Amino acid sequence: MANDTIERHCAQIDRCNQRGGRMLSIVDLIEAGTFTRELAAYALAAISQGASFMVGALPGGAGKTTVMGALLNFVPRDVELLPAVGMASIQEGMGNTAARRCYICHEIGPGAYYAYLWNRELRAYFELAGAGHMLATNLHADTYTQAQTQICGGNRVPEASFRRMNLMFFISLDQDARGLVRRIDTAWESDGENPHRLVYSAGLSSGGIESRLVSVVALDIASQTIERMIKGNVRTIEEVRSRVTAARSESC
């Protein structure tokens, strides 16, 4: 992938930055204890195959945007990142299905903030997945039930559209010897047709992630990519993007 393409991709991730400093990469988040290596590999395998995703946490400052930004680096190399800025950009996407894009809603919420969506605009946003595009967003919710109630109940997004949000990651805040630690508490998966199912919980002993989206072979390839990045001291989102797209090309 050409350097200018990587730069454009990462510039869109940087537009999500609300805190200043550099956006953290998946390697940073593994080292911080936010992601396990297994969960990071699962996310890489699913998102690199086109899965839409959402990150949730109820309190502000929990790291939703940080996690979303790191996961945006896993989007397929031929998929352009674009902000979902109001109805005009959504309608443009509905009318342009020749090339798949990933539309970023910076947050599901009311208010006249950049790329925030609510009510009619949010319902239209979810229809982009039905038109073949990817979705990436975050919202104030700690659990799957809270997210479903907010989106399908409060905003009247149809259940069929809600299921096209293939992956949902929910963050918890914990204390350990290092201080405040942000961890992915649960992960949920839908194949776009069936209801979401719990595929990962930090509170349960893991017997491996049983996915309907990701094959064992794809998960193994993604695990190798994650391990190479960790061992290679890959750090920035630009470095991660370069490694992820190179690994994807080699596996095709």
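The values are calculated or read from the model by the stated rules, or taken from the named source; none is laboratory data. Because the structure is a prediction, the values reported are computed rather than measured. Every residue, glycine among them, receives a Cβ derived from its backbone with ideal geometry; neighbour counts consider all protein chains shown.
The condition of being acidic (Asp, Glu) and closer than 20 Å to residue 43 by Cα holds for only one of 159, 210, that being 210. In region 91-107, the count of residues that are under 23 Å from residue 149 (Cα atoms) and surrounded by fewer than 24 Cβ atoms within 10 Å (Cβ to Cβ) is one or more. Scanning region 175-223 for residues that are free of Cβ contacts under 8 Å to residues at least 12 places away in the same chain and under 20 Å from residue 68 (Cβ atoms) returns a single hit, 180. Please determine, by comparing only the residues of region 141-167 that are over 17 Å from the mean Cα position of the chain (by Cα) and assigned to a loop (DSSP other than H, G, I, E, B), which one is surrounded by the most Cβ atoms within 10 Å (Cβ to Cβ). Residue satisfying both the conditions and the ranking: 157. Restricting attention to region 10-36 and to residues that are among the polar types (S, T, N, Q) and assigned to a loop (DSSP other than H, G, I, E, B), the residue that is surrounded by the most Cβ atoms within 10 Å (Cβ to Cβ) turns out to be 25.
Take residue 116 and decide whether it is farther than 22 Å from residue 222 by Cβ, touching a strand residue (DSSP E or B) at 6+ places or on another chain (Cβ under 7 Å), free of Cβ contacts under 8 Å to residues at least 24 places away in the same chain and not acidic (Asp, Glu). When the stated conditions are applied, residue 116 passes them.
In region 126-140 there is no residue matching the filter, namely being surrounded by fewer than 22 Cβ atoms within 10 Å (Cβ to Cβ) and closer than 15 Å to residue 198 by Cβ. The set of residues in region 156-173 that are in contact with a strand residue (DSSP E or B) (Cβ under 8 Å, 6 or more places away or on another chain) and either among the basic types (Lys, Arg) or more than 19 Å from residue 191 (Cβ to Cβ) (or both) comprises 164, 170, 171, 172, 173. Residues that are at pLDDT 95 or above and on the phi > 0 side of the Ramachandran plot within region 160-219 comprise just one, 192. Please tell me if residue 182 is basic (Lys, Arg), more than 19 Å from the chain's Cα centre (by Cα) and within 20 Å of residue 54 (Cα to Cα). Spelling it out, it is not the case that residue 182 is basic (Lys, Arg), more than 19 Å from the chain's Cα centre (by Cα) and within 20 Å of residue 54 (Cα to Cα).
Selection of first residues in region 89-113 that are more than 16 Å from residue 14 (Cα to Cα) and at pLDDT 95 or above and of second residues that are in a strand (DSSP E or B) and of a type in the set (D, E, K, R), restricted to Cβ pairs under 8 Å at least 6 apart or on distinct chains, gives the following pairs, ordered by first then second residue: 93/101; 101/80.
Residues in region 174-215 that are outside any loop (DSSP other than H, G, I, E, B), more than 20 Å from residue 38 (Cβ to Cβ) and among the hydrophobic types (A, V, I, L, M, F, W, C): 180 only.
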